[in-house]
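Accompanying notes for the structure given below.
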Amino acid sequence: MRACAGGWLGAGICASSSPAAPAAVTRGVPTAAAAQSDVQRLHAVAPDGTRLAVQVRGPAEAPAIVFVHGIAQSQLAFGRQVSSELAQRYRLVTYDLRGHGESDKPTAEGAYASGRVMSDDLQAVIKAAGVKRPVLVGWSLGGIVVAQYLRDYGEDGIAGVNFVGARVARPDGARPACRARRTCARCSPRIYS
């Protein structure tokens, strides 16, 4: 796995050279017809039944990038990325976090009470989109979701991460941050190599 911090997509994205999953989406419930023929819209279903609005673009065999937006935003925040040339080279997946955009908005307090709920949602999106070993891009709150996902599911199924404007706490047992007050390859070689 490889992680990138800083910079915006295009310059700093870290992707695997391995192909993505087969073209068919094996899980997920199709939503209304896509506005563009190259956009696949579906719903991923979280373990608690929450439906998450997902959009998938790009070649089915291409390396995948999953974008996770920040608080009070939606997957539309990644409009520039998914409408750029990235969609010609990568399988791009965006989704609305629970309580945001076109995803369900559960009213039960427990639906938002733990980071595990959010990492389970991300896992449901990855499975519904049918992608393997994606690069995860977490913007703002999305970075916290990505970090929680790595804690709950590990890094084996992930090609890399890119934290964009995200403040991510050091996981339990991790080495302290370096003097530059940022985690670097020297401090955490398994994640940042």
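Throughout, read-outs are computed from the coordinates displayed, never taken from laboratory work. For clarity, every value in this text was computed on a predicted model and none was experimentally measured. All Cβ positions, glycine included, derive from the backbone under ideal geometry; neighbour counts span all protein chains shown.
Below are the figures for this structure:
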item: Estimated translational D of the stretch 89-165 in µm²/s (Stokes, Kirkwood radius over Cα pairs; 4 °C; 1.567 mPa s); result: 100
item: Spatial extent of the stretch 71-133: Rg and Dmax, with the Cα atoms as the point set, Å; result: 13.3, 40
item: ³J(HN,Hα) computed for each position of the stretch 40-45 - Karplus, 6.51 cos²θ - 1.76 cosθ + 1.60, integer Hz, glycine/proline x; result: 9, 10, 8, 10, 8, 10
item: Estimated inter-spin distance, D156 and R116, nm [label 7 Å along Cα→Cβ]; result: 2.0
